[in-house]
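Trainee: Let me give you the structure first, and then I'll get to my questions.
The values are calculated or read from the model by the stated rules, or taken from the named source; none is laboratory data. Just so we're clear, the structure is a prediction, and the values are computed from it rather than from any experiment. We place every Cβ from the backbone using ideal geometry, glycine too, and count neighbours over all the protein chains shown.
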Amino acid sequence: MIGTDCVDGGSRAGHGAEPFDPSAAAARATEAILRDTLHGAHRGVVVDSPPGAGKSTLVVRAARELAAAGRPLMVVAQTNAQVDDLVDRLATADPDLPVGRLHSSDPHPYDPVLDEHPSVRTSAKVADLAGLGIVVSTAAKWAHIKNVEPWRHAIVDEAYQMRSDALLAVAGLFERALFVGDPGQLDPFSVVGADQWAGLSYDPSASAVTTLLAHNPQLPQHRLPVSWRLPASAAPLVSDAFYPYTPFRSGTGHGERRLSFGVASDGSGPDRVLDEAAVSGWGLLELPARRTPRTDPEAVTAVAQVVRRLLDRGGAAVSERSEEPVPLTADRIAVGTAHRDQAAAVRAALTGLGVSGVTVDTANRLQGREFDVTVVLHPLSGRPDATAFHLETGRLCVLASRHRHACVVVCRAGVAELLDEHPSTEPVQLGVTVKFPDGWEANHAVLAHLSEHRVAWRP
Amino acid sequence: MSLITTLARMEAVRDGRARPVATVLHRHLSDRPLAFVPLTTAGEAGAPLGALVGTDRDTPRLLVVPQPRNRDLRFAFLADLAEEMLPYLDSYADDVELEERKETDPETGKKVPVQVELCADAPQLLVPSAAGVAFVRLLGRSMRFRRTADQDPDTPFPAPARVPLLGRWLTHYGERSRVPGSSLLLSLTELLGRHWATGQSNLEDQHLGSLLAWIDPPEGFPGAEAALRAESARDADGQLLCPPAGPATDPAFDNKLLAPAIARYDAARAEVLGGVAGGEARLRLAENELRELIASQLRPTWDALWHGVDRLRGLPRGERVAERWKRDRWSFTGHRDRVRAGEPPQPKRDDAVTAAQKLSARETAQAQLEAQEALDDPLVMAGRRLAGEAFAGEVTEVEMAWSEAKVPRPRPLVTVRTEDRPHLEGEVKLYRVMADGRTQTGEFAGAQAPGALVVRLTGGMGRGKTPEPGSVPEPGDRMCWTLFEHAPRGGPELPDAESTPWTHGGPPDAVALGPDPDPVTEEDYL
């Protein structure tokens, strides 16, 4: 259930002829969240944020306001990269704000960029950071902190990617908390079976938010209504396919973001799919159907060639950020895969084509990141079966929602038939809330949309 | 499925027989395991039909429930089972050694070393298949909450004396079997599947008969044909030549043989109750007939189970298996102590803290198991190397270097020539086993040329400015570095159950155990 003062997704729900003002809608949602966080009666507030909806901005703002109100604040993020990014943002937003970065005792425990902020203090011991208004660390590090006075407030970032047992280990450290996260991304997982606890309200393998809400159903829940990252071409698809009951809008309209190339197409598959993606925001480069190993050499080469051509053709992006076209450089491009060996194969192929500086990673590691153009190796490409791993809704959602301009998917033909042969067969567990949509349905929705932007190519 | 397993399965198809995927035995196999082959009644939850149980392959004890829907007979079966199993479990309880362990002193709060007992060996339970493990859990759950007349004289249907105790032990064994790498309760299909890859699917490997057919195909038969025969060949009466490993029975057996035999038994029993002359003899006859029938279904599985054990005993033991078995011994000793201390049976459901602790312990066990199996077995390590998680090669160059610190520490750079292609990014941590068994740490320091990887040694060289002799490899040495830790540590300590936080419903007492029963209203007495 969504709090009453949340802003609705917009015109789809029908607000008459009133034009949708994304900034105003987002501002109203943020105000309501801050009101509940600072002055609400409940111990917790939950905020659902679709991809690129300004979650980090919200966290920074809430942290600064809580600190300004004189409430000692601890911030829990899930990875060291997230913690460093957050501390950097906090210190940049307010250079006078004293921020503590609690880190592990490993070598190179944090990003050295933090040392450039005079107000940031780093330590592996929480006692060294006593008295600072804000202390930020990973859930794993917080879990080792014992015998301290609890913090008055906490912000738990990426709460949907945090496991329930990780929250159990840290929840004793704070009195109240703001939980922020994206319900559509990858669910936390366990390398061992956890079926024996399925259906229990505190199933340790479930997400922290699931457990929190099962025990505290009265907590206010909010939603950020606007994705500032996704272009107008992507928001409706991602919203429909992955957030069917909590729709959101893009912050920009059609035509506000444009992608163009200085070099004309040479007629090859990679060039044609890039042209399609530049015009429509989506491109599907379809290779002939074939069952392949995970590191399908043809598909991997195709991914690398698309990236190579993207750079060679002098791509330039126009967006609301600047009137002038901004050259599309390697650091604004990402390649997403399902498996690590696939990412390694793509990296090797890119090196072979002389490309460097492009981010190549798995969906898990691309979570929370943003690029202008993404090239995705479809998780089901070339597979003989569709397992729960490959069907997971969050995996596809992460891969399809990292881009500001366009997303090119490379895939072998026949995925639709593969999906039809492998409907979801996960056992239904009593007491477990069914997640919508299921991966099978989301995969079909995305595939149906992509097929309108299909370029068949035989390398 | 890893690439190397896929390859092994394809080779198994080509060769018509299973391919080994391990060169050593990765689980502990007791010298005197207790084998347990149960059968259950179709359509009745937790109604055992019969079982073969024992430590001696030639003289198993046959237990039969002639009418599985008769609960008195079911209890008699469970009492007999307790009589077979508990003395076996007890026989390991008193042979102990003393171990030193740190415990928190309740008065001072300090950690002090105490001497505690550890059973020198632990009893091991073997069942044919994963479904057998699930059945052990089910039996445990159905027995451990029963009350005996001794415990509660007013209980309306008292259980035989030792049945609840057996239930607690089976529950403990069933729960322990969920810990990766544990060996207190093992299924043969899982054990054999860990060590051999067949040319059939994982699901088909759940059939002990067809799995063994791939591993030991009869002379002149390819594995696939032998497996098909084991799965589906029937005799002239339509009965399977190789009955399923249970606990489920074959429907053709149920319909054609079992149901009529039980009907005859019921009729004879009715005659005995009705005082019909000769009823006793007919009842004995009917019961014997049933025993023979059920034995005919059990015996092939029993023999297959021991056949599998023989094959596994032919493998040399993995070096680190004893370390894991010691944890099993701790587990057995711990439960022995809880039983002796008169603690109540395990609760129906874990509370939030217990569930999180178990999950965390199992994840640690999984990581340790994966590392130890690779270190024990070059074939497993080959799979990890193929997956880019390790690399092996020859040292071509060693360059001494020191860290930039007040007290410089040795940080030698070792160049390893390898044909493996590990997934190395940045300064990823590396681990290797040194000649003395300790683990040396290092970090990736770049590639000198394709296939020439440079590792900066960061540990295992002692405390001095110069490395201890033998701790730095020399050109020509062969070495294997892994990207995974060799002894991964467990997660953080969790709060006590009494301090379960508000996010998880608070202390368990506040939530009580399970939902309250519906209130009794007047309608209940209409």
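Trainee: Under the condition of being touching a residue at least 24 places away in the same chain (Cβ under 8 Å) and among the charged types (D, E, K, R), which residue from the range B:104-121 is farthest from B:PHE77 (Cα to Cα)?
Mentor: Looking at residues that are touching a residue at least 24 places away in the same chain (Cβ under 8 Å) and among the charged types (D, E, K, R), I get B:GLU117.
Trainee: Do the conditions hold for B:ALA371, that is, is it touching a Leu at 6+ places or on another chain (Cβ under 6 Å) and surrounded by 15 or more Cβ atoms within 10 Å (Cβ to Cβ)? Break it down into steps so the answer makes sense when it comes.
Mentor: On the way: touching a Leu at 6+ places or on another chain (Cβ under 6 Å): no; surrounded by 15 or more Cβ atoms within 10 Å (Cβ to Cβ): yes.
Here the answer is no, as B:ALA371 does not meet what is asked.
Trainee: Being at pLDDT 90 or above, more than 28 Å from the chain's Cα centre (by Cα), part of a helix (DSSP H, G or I) and charged (D, E, K, R), is that true of even one residue in the range A:124-135?
Mentor: Within the range A:124-135, one or more residues are at pLDDT 90 or above, more than 28 Å from the chain's Cα centre (by Cα), part of a helix (DSSP H, G or I) and charged (D, E, K, R).
Trainee: Are any residues in the range A:398-436 in contact with a strand residue (DSSP E or B) (Cβ under 7 Å, 6 or more places away or on another chain), crowded, with 21+ Cβ neighbours inside 10 Å and more than 21 Å from A:GLU370 (Cβ to Cβ), and if so, which ones? Spell out the reasoning first.
Mentor: So the first thing to find is which residues in the range A:398-436 are in contact with a strand residue (DSSP E or B) (Cβ under 7 Å, 6 or more places away or on another chain), and the list is A:399-400, A:402-413.
If we keep only those that are crowded, with 21+ Cβ neighbours inside 10 Å as well, we get A:399-400, A:402-412.
Within the range A:398-436, A:CYS411, A:ARG412 qualify.
Trainee: State all residues of the range B:122-140 that are in contact (Cβ under 8 Å) with a residue 60 or more places away in the chain and touching a helix residue (DSSP H, G or I) at 6+ places or on another chain (Cβ under 7 Å); if no residue qualifies, say none. Let's see the steps before the verdict.
Mentor: Taking the range B:122-140 as the starting set, the residues that turn out to be in contact (Cβ under 8 Å) with a residue 60 or more places away in the chain are B:122-132, B:135-136, B:138-139.
Once the filter is applied, which keeps residues that are in contact (Cβ under 8 Å) with a residue 60 or more places away in the chain and touching a helix residue (DSSP H, G or I) at 6+ places or on another chain (Cβ under 7 Å), the range B:122-140 yields B:ALA122, B:PRO123, B:LEU125, B:LEU126, B:VAL127, B:PRO128, B:SER129, B:ALA130, B:VAL136, B:LEU139.
Trainee: Here is a list: B:VAL380, B:VAL395. Which entry is touching a Pro at 6+ places or on another chain (Cβ under 6 Å), more than 12 Å from chain A (Cβ to nearest Cβ) and not in a loop (DSSP other than H, G, I, E, B)? Outline the logic, then answer.
Mentor: On the way: B:VAL380 fails: touching a Pro at 6+ places or on another chain (Cβ under 6 Å).
After applying the criteria, what remains is B:VAL395.
Trainee: I want to confirm something. Restricting to the range B:187-217 and keeping residues that are under 9 Å from the mean Cα position of the chain (by Cα) and surrounded by fewer than 24 Cβ atoms within 10 Å (Cβ to Cβ), which single residue is farthest from B:PRO33 (Cα to Cα)? Don't jump to the end; show me each part of the working.
Mentor: As a first pass, look at the range B:187-217 and keep what is under 9 Å from the mean Cα position of the chain (by Cα): B:187, B:190-191.
Still in the running and surrounded by fewer than 24 Cβ atoms within 10 Å (Cβ to Cβ): B:190-191.
Values: B:GLU190: 16, B:LEU191: 14 Å.
Result: B:GLU190.
Trainee: Tell me, yes or no, whether the range A:235-244 has at least one residue that is more than 10 Å from chain B (Cβ to nearest Cβ), without any contact (Cβ under 8 Å) to a residue 40 or more places away in the chain and under 20 Å from A:LEU366 (Cβ atoms).
Mentor: Kept after step one, since they are more than 10 Å from chain B (Cβ to nearest Cβ), are these residues of the range A:235-244: A:235-244.
Retained after the next criterion (residues that are without any contact (Cβ under 8 Å) to a residue 40 or more places away in the chain): A:235-236.
Retained after the next criterion (residues that are under 20 Å from A:LEU366 (Cβ atoms)): A:235.
Yes, there is a match, as at least one residue in the range A:235-244 is more than 10 Å from chain B (Cβ to nearest Cβ), without any contact (Cβ under 8 Å) to a residue 40 or more places away in the chain and under 20 Å from A:LEU366 (Cβ atoms).
Trainee: While we're here: Filter the range A:289-298 down to the residues that are in a loop (DSSP other than H, G, I, E, B) and out of contact with any Gly (no Cβ under 9 Å at 6 or more places or on another chain) and list them by number. If you could, list the steps in order and put the result at the bottom.
Mentor: We begin by selecting, within the range A:289-298, every residue in a loop (DSSP other than H, G, I, E, B); these are A:289-296.
Result: A:THR295, single match.
Trainee: What's the total number of residues in the range B:234-280 that are outside any helix (DSSP H, G or I), of a type in the set (Gly, Ala, Ser) and touching a residue at least 12 places away in the same chain (Cβ under 8 Å)?
Mentor: Step one: list which residues in the range B:234-280 are outside any helix (DSSP H, G or I), which gives B:234-250, B:275-278.
Restricting the remaining residues to those that are of a type in the set (Gly, Ala, Ser) gives B:236, B:238, B:245-246, B:248, B:275, B:277-278.
Among the residues that remain, those that are also touching a residue at least 12 places away in the same chain (Cβ under 8 Å) are: B:238, B:245-246, B:248.
Going through the range B:234-280 one residue at a time, the tally reaches 4.
Trainee: If you don't mind, another one. May I ask you to list pairs of residues, at least six apart or on different chains, whose Cβ atoms are under 6 Å apart, with the first in the range A:306-326 being in contact (Cβ under 8 Å) with a residue 24 or more places away in the chain and the second being surrounded by fewer than 13 Cβ atoms within 10 Å (Cβ to Cβ)?
Mentor: A:ARG313/A:VAL263; A:GLY314/A:GLY262; A:GLY314/A:VAL263; A:ALA316/A:PRO327
Trainee: Here's something else I'd like to know. Within the range B:466-503, which residues are within 14 Å of chain A (Cβ to nearest Cβ), surrounded by fewer than 17 Cβ atoms within 10 Å (Cβ to Cβ) and among the small types (Gly, Ala, Ser)?
Mentor: Matches in the range B:466-503: B:GLY490, B:ALA497, B:SER499.
Residues checked against (1) touching a helix residue (DSSP H, G or I) at 6+ places or on another chain (Cβ under 7 Å); (2) of a type in the set (A, V, I, L, M); (3) assigned to a loop (DSSP other than H, G, I, E, B); (4) under 20 Å from A:LEU186 (Cα atoms):
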| site | (1), (2), (3), (4) |
| --- | --- |
| A:ASP385 | no, no, yes, no |
| A:SER401 | yes, no, yes, yes |
| A:ALA406 | yes, yes, no, no |
| A:CYS411 | no, no, no, no |
| A:SER424 | yes, no, yes, yes |
| A:GLN429 | no, no, yes, yes |
| A:VAL432 | no, yes, yes, yes |
| A:GLU441 | no, no, no, yes |
| A:VAL446 | yes, yes, no, yes |
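Trainee: Which of the helices (runs of 4 or more DSSP H) contained wholly in the range A:137-229 include at least 3 residues that are touching a helix residue (DSSP H, G or I) at 6+ places or on another chain (Cβ under 8 Å) and at the interface with chain B (Cβ under 9 Å from one of its Cβ atoms)? Walk me through how you get there before you give the answer.
Mentor: Details: elements: A:139-142, A:164-170, A:208-215.
It comes to A:164-170, A:208-215.
Trainee: Within the set of pairs 6+ apart or on separate chains, which have a first residue in the range B:7-23 that is outside the structural domain of B:ALA387 (by TED's automatic domain parsing), a second that is crowded, with 16+ Cβ neighbours inside 10 Å and hydroxyl-bearing (Ser, Thr, Tyr), and C-beta atoms under 6 Å apart?
Mentor: Matching pairs, first to second residue: B:ALA12/B:THR198; B:ALA18/B:THR198.
Trainee: Of all residues in the range A:238-257, count the ones that are over 19 Å from A:GLY54 (Cα atoms) and not in a loop (DSSP other than H, G, I, E, B).
Mentor: 2
Trainee: Another one. Is there a residue in the range A:118-125 that is among the basic types (Lys, Arg) and in contact with a Pro (Cβ under 9 Å, 6 or more places away or on another chain)? So that I can check it myself, show each step before the final result.
Mentor: Going through the range A:118-125, the residues among the basic types (Lys, Arg) turn out to be A:121, A:125.
Pick out the ones that are also in contact with a Pro (Cβ under 9 Å, 6 or more places away or on another chain) and you get A:121.
The answer is yes, given that some residue of the range A:118-125 is among the basic types (Lys, Arg) and in contact with a Pro (Cβ under 9 Å, 6 or more places away or on another chain).
Trainee: Against the definition (in contact (Cβ under 8 Å) with a residue 12 or more places away in the chain and in contact with a helix residue (DSSP H, G or I) (Cβ under 7 Å, 6 or more places away or on another chain)), how does B:PRO488 come out, yes or no?
Mentor: Working: in contact (Cβ under 8 Å) with a residue 12 or more places away in the chain: yes; in contact with a helix residue (DSSP H, G or I) (Cβ under 7 Å, 6 or more places away or on another chain): yes.
It is true that B:PRO488 is in contact (Cβ under 8 Å) with a residue 12 or more places away in the chain and in contact with a helix residue (DSSP H, G or I) (Cβ under 7 Å, 6 or more places away or on another chain).
Trainee: Yes or no: the range A:338-356 includes at least one residue that is touching a helix residue (DSSP H, G or I) at 6+ places or on another chain (Cβ under 6 Å) and within 15 Å of A:HIS405 (Cα to Cα).
Mentor: Within the range A:338-356 (the criterion being touching a helix residue (DSSP H, G or I) at 6+ places or on another chain (Cβ under 6 Å) and within 15 Å of A:HIS405 (Cα to Cα)), the answer is no, since none of the residues qualifies.
Trainee: For B:LEU170, state whether it is modelled with pLDDT of 95 or more, aliphatic (A, V, I, L, M) and more than 18 Å from B:ALA304 (Cα to Cα).
Mentor: Numbers: modelled with pLDDT of 95 or more: yes; aliphatic (A, V, I, L, M): yes; more than 18 Å from B:ALA304 (Cα to Cα): yes.
Yes, satisfied.
Trainee: When you scan the range B:320-348, how many residues do you find that are buried (at least 16 other Cβ atoms within 10 Å of the Cβ) and within 14 Å of chain A (Cβ to nearest Cβ)?
Mentor: 1
Trainee: Separate question: Residue check, A:LEU284 against (1) modelled with pLDDT under 95; (2) under 26 Å from A:PRO437 (Cβ atoms), all met but one. Which one?
Mentor: Among (1) modelled with pLDDT under 95; (2) under 26 Å from A:PRO437 (Cβ atoms), the lone unmet condition for A:LEU284 is (1).
Trainee: Is it fair to say B:LEU359 is touching a strand residue (DSSP E or B) at 6+ places or on another chain (Cβ under 9 Å), facing another protein chain (nearest Cβ under 10 Å) and either more than 25 Å from B:PRO123 (Cβ to Cβ) or in a helix (DSSP H, G or I) (or both)? Steps first, answer last, please.
Mentor: Values: touching a strand residue (DSSP E or B) at 6+ places or on another chain (Cβ under 9 Å): yes; facing another protein chain (nearest Cβ under 10 Å): yes; either more than 25 Å from B:PRO123 (Cβ to Cβ) or in a helix (DSSP H, G or I) (or both): yes.
Against the criterion (touching a strand residue (DSSP E or B) at 6+ places or on another chain (Cβ under 9 Å), facing another protein chain (nearest Cβ under 10 Å) and either more than 25 Å from B:PRO123 (Cβ to Cβ) or in a helix (DSSP H, G or I) (or both)), B:LEU359 qualifies.
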